[in-house]
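Written below as structure tokens is the structure these notes are about.
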Amino acid sequence: MTPEQFRADIAALTAQLQGRPLDAALDAWLNAEHGAGSATFATLKAGCQAGVAAGWLCNREGGGIKYGRIFKPADDLHGFSVDVVDMQDIAGPHHVHPHGEIDLIVPIDGDARFDGRPAGWLVCPPGSAHRPTVSGGRALVLYLLPQGAIQFT
């Protein structure tokens, strides 16, 4: 897996997200069509794990969290930026999602959950805020942010 292949895999998904509202309906659709057990989930999970192992994902660390923005918003990613974090039994910094956020939750060990959710997708609507929390083990979380917008509080 290379960063270029990872980008292509994400672009194939973001093409299906383009123009859709970030809401409960999108959350349900993502989990039904691309959730844990799907080919998309397996591909993105493998890409995240390979990127972390190779050092091109989660190549920064702060406050016990490994993180990194791998791709800035771009046309081929349909306006989304891509970040991946590696968290284990920890809460991250509080932030607001001006345009919403789409999270792919990839448990690595234990019964890891992200904001209480198991493997799969979590869609946070525009204007929502949280202190991202992984409990029950270690998880990788891939964030898709429309226009890369995030405001730390």
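Here, each number is a calculation from the coordinates, and none is a lab measurement. Only a predicted model underlies this, so the values are computations on that prediction, with no experimental measurement involved. Note: ideal-geometry Cβ built from the backbone for every residue, glycine included; neighbour counts use all protein chains shown.
Would you mind stating whether Arg138 is under 15 Å from the mean Cα position of the chain (by Cα) and more than 26 Å from Gly55 (Cβ to Cβ)? The answer is no for Arg138.
What's the total number of residues in the stretch 1-35 that are in a loop (DSSP other than H, G, I, E, B), surrounded by 15 or more Cβ atoms within 10 Å (Cβ to Cβ) and out of contact with any Pro (no Cβ under 7 Å at 6 or more places or on another chain)?
Looking only at that region, the number is 2.
Considering each residue of the stretch 121-131 in turn, at least one proves to be out of contact with any Ser or Thr (no Cβ under 7 Å at 6 or more places or on another chain), aromatic (Phe, Trp, Tyr), assigned to a strand (DSSP E or B) and crowded, with 19+ Cβ neighbours inside 10 Å. Against the numbered list (1) surrounded by 14 or more Cβ atoms within 10 Å (Cβ to Cβ); (2) outside any helix (DSSP H, G or I), Gly47 comes up short only at (2).
Test Leu22 against the criterion of being aliphatic (A, V, I, L, M), at negative phi and touching a helix residue (DSSP H, G or I) at 6+ places or on another chain (Cβ under 8 Å), and give yes or no.
Against the criterion (aliphatic (A, V, I, L, M), at negative phi and touching a helix residue (DSSP H, G or I) at 6+ places or on another chain (Cβ under 8 Å)), Leu22 does not qualify.
Only residues that are in contact (Cβ under 8 Å) with a residue 24 or more places away in the chain and of a type outside the set (S, T, N, Q) were counted in the stretch 28-87, giving 36.
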